[in-house]
Amino acid sequence: MATNAEAVVRAAYHAAEGSVLDVQGFMDLFAEDGVFNNVVAGESYRGEHLGDLVVFMAKLAPDVHREFHRFHVMGNVVTVELSIQGTFTGPFETPAGVIQPTGAKLDIPTADFWYIEDGKIKEFNCYVGLSVMLAQLGVQPDFASAVTASPATTA
């Protein structure tokens, strides 16, 4: 039997699926002072911006789907090991410009930590495998530029 915390989290995942995409429904699951932390990117979303990453992922991969590997409920804390899957058919905006879609299949390892209070999401911490996602999008690190830009060190 699903706990209240589990039901809230599963409802959030369902609302963020490409086949459903209920951004307002996703946002409504959060407490008034709830926060969505994209931990790897160092970003936090609150209020009217709680659905921003849901929209971003749906634009990037309109068929976005979350494949659950492990789902653990410990009272009001829910932890999920999952893969975010989809097809890169939408543009990917970057500081350097827009990467055009390639049709690449995405399978991004992710770990999510949800904290539920009074039936609402108080805090959602998402750890996306960003380096894997970028590689699947065809974005490779530019180590040569980083080496050239780094200050010379002496021993």
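The values are calculated or read from the model by the stated rules, or taken from the named source; none is laboratory data. Bear in mind the structure is a predicted one, so any value in this text is a computation, not a measurement. Remember, those area values only see protein heavy atoms, side chains included, never the ligands or the DNA or RNA. Shrake-Rupley method; radii C 1.70, N 1.55, O 1.52, S 1.80 Å.
Below, the figures for the structure above:
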{"quantity": "Residue-span extension gain [PHE113 to VAL40] - 0.36 nm each, minus C-alpha spacing", "calculated": "25.0 nm"}
{"quantity": "Residues of the chain: accessible area per residue with a 1.4 Å probe, Å²", "calculated": "57"}
{"quantity": "Residue among ALA135, ALA15, ALA31 with the largest mean-square fluctuation in a Gaussian network model of the chain, springs linking Cα atoms under 10 Å", "calculated": "ALA135"}
{"quantity": "Label assignment, P(r) over Cα pairs in 10 Å bins from 0, in percent derived from the structure, set (1) 10, 41, 40, 9, 0; (2) 11, 42, 34, 10, 2, 0; (3) 10, 37, 31, 14, 6, 1, 0", "calculated": "(3)"}
{"quantity": "Proximal lysines to LYS59, defined as alpha-carbon separation beneath 16 angstrom and excluding residues fewer than eight positions away on the same chain", "calculated": "LYS105"}
{"quantity": "DSSP bridge pairs, the range 8-155: antiparallel proportion in percent, nearest 5", "calculated": "90"}
{"quantity": "Accessible area of HIS14 in the full protein assembly, 1.4 Å probe (Å², nearest 10)", "calculated": "110"}
{"quantity": "Solvent-accessible surface (1.4 angstrom probe) belonging to GLU48, in square angstrom, nearest 10", "calculated": "140"}
{"quantity": "Theoretical ellipticity at 222 nm over the chain - DSSP helices of four or more residues, -39500 (n - 2.57) apiece, nearest 500", "calculated": "-7000 deg cm²/dmol"}
{"quantity": "Accessible surface of the chain, 1.4 Å probe, proportion on carbon and sulfur as whole %", "calculated": "57"}
